[in-house]
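Any read-out appearing in this document is the output of simple, stated calculations on the displayed coordinates, not a laboratory observation. What you see is a predicted model; the values in this text were computed from it and never measured. Every residue, glycine as well, gets a Cβ built from its backbone with ideal geometry; the counts of neighbours run over all protein chains shown.
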Amino acid sequence: MNTIDTGYGIWNSIVWTLLFLGILSIGFWIRSLGRKDYKAGTGQTKVFLSGNEEPDPKGLHVRGDHLYWGMIAGFSGYYERIRRWHTGILSDYAAWFIGILSIIFIILGLIR
């Protein structure tokens with residue numbers, strides 16, 4: 001097993017993988033201790049809004065873009081450019097994250 005000594009600690013991929021799998025298995029074990037009487041589609045699945053009833057989606061509801069209209073108007077040039085990239089699809093954001101992280105790793109590899 002190759003171990004990298006960084007001066008601040010060690011990096012061993014096998015040890016970190018085993019640690020990750022151990023933490024993951026402990027998490028699944030704790031989750032398995034949960035309540036067995038949960039019923040989907042009942043009042044148990046309702047959103048908790050500090051004891052208030054959830055507003056009717058067809059009724060009057062103040063959306064976030066109305067609440068922050070001053071900020072959106074002030075940064076409208078920025079938001080118009082950013083909205084073209086914003087798809088709302090999680091896999092797109094994961095691809096951006098992985099792409100930018102790989103570029104950072106390449107730059108760090110070239111510097112080293």
- Span from the the stretch 18-61 Cα centroid across to the the stretch 98-112 one, whole angstrom: 38 Å
- Query: Which length gain, in nm to one decimal place, applies between Tyr38 and Trp85 when the Cα-Cα distance is subtracted from 0.36 nm times their residue separation?
  - Reply: 13.0 nm
- In Hz, Karplus ³J(HN,Hα) per residue of the stretch 16-28 (6.51, -1.76, 1.60; θ = phi - 60°; x = Gly, Pro): 5, 5, 5, 5, 4, 5, x, 5, 5, 5, 5, x, 5
- Note on the structure: A student applying the Cα gyration tensor rule (rounded when a/c is under 1.5; otherwise prolate if a/b is larger than b/c, oblate if not) would label the chain oblate
- Message: Can you work out the Karplus-derived ³J(HN,Hα) for every residue in the stretch 71-83? Use 6.51 cos²θ - 1.76 cosθ + 1.60 with θ = phi - 60°, whole Hz, and x for glycine or proline.
- Response: 5, 5, 5, x, 9, 4, x, 5, 5, 5, 6, 6, 4
- Each label sits 7 Å from Cα toward the beta-carbon; between Leu18 and Ile72 the label points are separated, in nm, by 5.3 nm
